[in-house]
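The values are calculated or read from the model by the stated rules, or taken from the named source; none is laboratory data. Keep in mind the model is a prediction, meaning the values are calculated, not measured. Here the Cβ positions follow ideal geometry from the backbone for every residue, glycine too, while neighbour counts run over all protein chains shown. Calculation scope for accessible area: heavy atoms of the full protein, side chains included, ligands and nucleic acids excluded. Shrake-Rupley method; radii C 1.70, N 1.55, O 1.52, S 1.80 Å.
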Amino acid sequence: MNADEMRDLMGLYGDYLTRLSYVYVKNWTIAEDIVQDVFIKYFQTQQYKGQASIKTYLAKMTIHKSCDHLRSIKNRLRILEGLWKNKQQTIPSSEQETLQKLEQHAIAKAVLELPIKYREAIVLFYYEEMTSFEIATLLSISENTIKTRLRRGRDLLKTSLSEVQLGGDLYE
């Protein structure tokens, strides 16, 4: 694979994979690092056998890498360190204010608070517009499991969003 093909592949799927990774790790910088690692591994190993589309193959690699990151000790320590630093800071930085404004969008926030198995089904179905069959293939589980996760995820979102709406926080 030459440099032009690599650039084309990264340009074509980079944003999609970054958004997919963000669904798991909830941090843009880490998501970008994960996608970079996925592309590096793909270009170095060249293990793609053509059994699925290249997009599906890269998405699966990204999901696995994101889950590995979530399980890592380094990530757990980073989360604890972040919580500790946030307790000590009294004046929020402009970056923190911007992130807070972005996270105030009620639906996105509610989706990100879902358990991972429901979150990935909801995001892939509604945001990435994949069919339940495509999601089942991507995650290597049955289509009925995806349909169940979608139904349960929607139920959790209804509950979460109705509580936010009742509390008056929807448009703050």
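Filtered by the rule that a residue be open to solvent by 20 Å² or more (accessible area, probe 1.4 Å) and of a type in the set (Gly, Ala, Ser), region 14-67 gives Gly50, Ala52, Ser53. Of all residues in region 135-172, which are assigned to a helix (DSSP H, G or I), at pLDDT below 90 and open to solvent by 40 Å² or more (accessible area, probe 1.4 Å)? Selection gives Thr137, Lys158, Thr159, Leu161, Ser162, Glu163, Val164, Gln165, Leu166, Gly167. Only one of the numbered conditions (1) surrounded by fewer than 13 Cβ atoms within 10 Å (Cβ to Cβ); (2) outside any helix (DSSP H, G or I) is not met by Arg7, and that is (2). Selection within region 101-134: residues that are under 21 Å from Asp15 (Cβ atoms), among the aromatic types (Phe, Trp, Tyr) and free of Cβ contacts under 8 Å to residues at least 40 places away in the same chain. The member of this set that is surrounded by the fewest Cβ atoms within 10 Å (Cβ to Cβ) is Tyr126. Of all residues in region 18-39, those satisfying the criterion of being within 16 Å of Leu70 (Cβ to Cβ) and among the hydrophobic types (A, V, I, L, M, F, W, C) are Leu20, Val23, Val25, Trp28, Ile30, Ala31, Ile34, Val35, Val38.
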